[in-house]
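The block underneath contains the structure these notes are about, expressed in structure tokens.
Values quoted throughout were computed directly from the atomic coordinates according to the rules given, and no laboratory measurement underlies them. Note that the structure is predicted; figures quoted are calculated from it, not measured. We place every Cβ from the backbone using ideal geometry, glycine too, and count neighbours over all the protein chains shown.
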Amino acid sequence: MSVFKEGFLWGGAVAANQCEGAWNVDGKGASTADMCTGGSHTQSKRITRTIEEGTFYPSHEAIDFYHHYREDIALFAEMGFTVFRFSIAWTRIFPTGMEAEPNEAGLAFYDDVINECLKYHIEPLITISHYEMPFALTEKYNGWSSRECVDLFVKYAKVLFKHYKGRVKYWLTFNEINAGTIPTGGFLSLGILNEGTTEFMKQTDIPNLRFQGLHHQFIASALAVKAGHEIDPDCAIGCMLVNITSYPYTCNPDDILKTQKTMQIQNYLCGDIQVRGEYPTFAKRFFEEKNISIQMEEGDSKILKEGCVDFYTFSYYMSNCVSVDPNKEKTGGNLTGGIKNPYLKASDWGWQIDPKGLRYTLNELYGRYQIPMMVVENGLGAHDKIEEDGTIRDDYRIEYLKAHIEQMAEAVKDGVDLIGYTPWGCIDLVSASTGEMAKRYGFIYVDKYDDGTGDLARRKKKSFDWYKKVIESNGEVL
Ligand code: BG6
């Protein structure tokens with residue numbers, strides 16, 4: 001008997017700006033993601049304020065999911081997906097965010113995507129905002145630093161809830177909302193583009209603006225949750241965080257305390273607000289010590305309390321260590337690096353591979369929040385090679401996913417209420433941090449390369465058939 005419950009949701013995840021392409025088609029406006037050039041592991045992508053002639057912008061074509069969604073969803077169905085996590089591009093619905101009426105062509109595109117999923121009994125799990133917003137809102141308001149974005153977002157979310165009512169049961173408000181607690185999240189997650197920023201990895205950071213922007217997102221998320229429940233009482237709306245799992249490097253109490261603080265600010269601040277509906281008590285001292293003063297309006301506490309999420313979702317790729325010793329060797333990572341863990345191996349991009357950390361994380365989160373959990377991103381970004389016979393033997397990816405699913409099973413045995421799993425980039429797509437195609441996560445290979453070439457043909461990797469068996473057996477055959 002499988003330890004995963006009957007009806008456990010198995011599938012995969014993508015985001016609009018990383019797969020759709022068609023960046024200026026059918027009325028779509030430019031998003032913050034559309035202003036990012038290509039980059040690499042060693043060369044940061046750039047953020048440009050206007051589109052530069054002759055510069056490569058990976059989101060502009062991406063893998064052209066916009067014109068391939070039928071073929072792609074058919075392949076997901078062949079693997080047996082029961083859920084598909086994707087995001088809606090705000091700029092397809094409201095090109096600048098400020099229009100009074102939605103763009104019908106944008107709504108129609110997602111009608112088609114959703115209907116295609118439902119045709120195969122795949123539940124759509126929709127992220128309303130995944131690392132993009134209308135660039136017009138960055139230009140006009142410096143993104144989420146302005147409270148104006150709250151109403152604009154809520155207007156957008158309401159349109160989605162109303163239009164897709166009855167067809168979409170699972171929604172997430174903001175992807176990895178806690179990215180706003182770290183400098184890279186300034187532009188990526190909050191659309192804040194301060195004077196002097198040209199490189200994505202080296203943004204001019206104004207922490208006060210960032211945390212103010214985050215407060216606006218909390219309010220917007222809570223209002224959207226409330227509106228969503230009113231519009232469609234049958235839908236469930238979740239939060240989504242990047243889990244930056246941190247271990248103390250040693251048992252030195254200073255390392256322990258520093259780790260606890262890191263976990264509080266990077267993970268629990270956002271989780272506590274979205275699940276419990278209020279700022280945790282540790283926030284006050286952190287804001288005071290960092291000279292951060294957040295402007296809150298009367299009524300904000302009530303809004304937060306009335307907009308608690310129904311389930312908790314997160315991405316998990318890796319873990320790192322925290323130490324008070326500044327000379328410890330560092331490691332790369334998802335949004336933020338940390339101290340290298342001598343017990344772990346890392347991916348080619350320096351992300352430390354730690355399946356047991358997923359069991360640990362699920363236990364920590366469920367113990368804290370006691371609401372259903374979903375792992376909505378997990379996976380190995382790797383260089384894939386097409387063999388002469390045309391196959392792609394991605395055993396390293398199978399090994400990574402297998403080890404993580406095993407640990408999810410352990411967490412379920414530990415008592416965690418886990419309801420779904422959507423590994424990241426189920427089809428190869430553009431990397432969010434580096435803008436590369438070379439960093440591939442998919443079960444499906446896409447013929448597209450970092451110089452923009454490729455015929456976009458889709459090809460199954462070895463992991464495709466492997467994952468199909470995993471789903472068929474509800475996680476028993478790994
Ligand atoms: C998460 C994001 O942080 O990690 C995704 O939600 C992203 O958008 C994924 O693609 C993997 O990161 P990267 O940088 O390898 O694409």
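At a glance:
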{"quantity": "Taking 324, 376, 83, 412 and counting other C-beta atoms within 10 Å, the order from fewest to most", "calculated": "324, 412, 83, 376"}
{"quantity": "Cα-Cα pairs of the chain separated by more than 34 Å (percent)", "calculated": "28"}
{"quantity": "Burial ranking of peptide ranges 235-242, 246-253 (average Cβ count within 10 Å, highest at the top)", "calculated": "235-242, 246-253"}
{"quantity": "Net charge, residue 356 excluded, C-beta distance under 15 Å - Lys, Arg +1, Asp, Glu -1", "calculated": "-2"}
{"quantity": "Proxy reagent accessibility, fewest Cβ within 10 Å first, across 301, 189", "calculated": "301, 189"}
{"quantity": "Pairwise Lys count, the stretch 319-453 - Cα closer than 15 Å, eight or more residues apart or different chains", "calculated": "9"}
{"quantity": "Euclidean distance of C-alpha centroids, the stretch 199-214 and the stretch 364-422, integer Å", "calculated": "31"}
{"quantity": "Surrounding net charge for residue 119, when Lys and Arg each add one and Asp and Glu each subtract one, Cβ distance under 11 Å", "calculated": "-1"}
{"quantity": "Residues 123, 53, sorted so that the one with the fewest Cβ neighbours within 10 Å comes first", "calculated": "53, 123"}
{"quantity": "Sparse-neighbourhood loop sites, chymotrypsin sites (Phe, Trp or Tyr not before Pro) in the stretch 383-478 - DSSP loop, at most 11 other Cβ within 10 angstrom", "calculated": "449"}
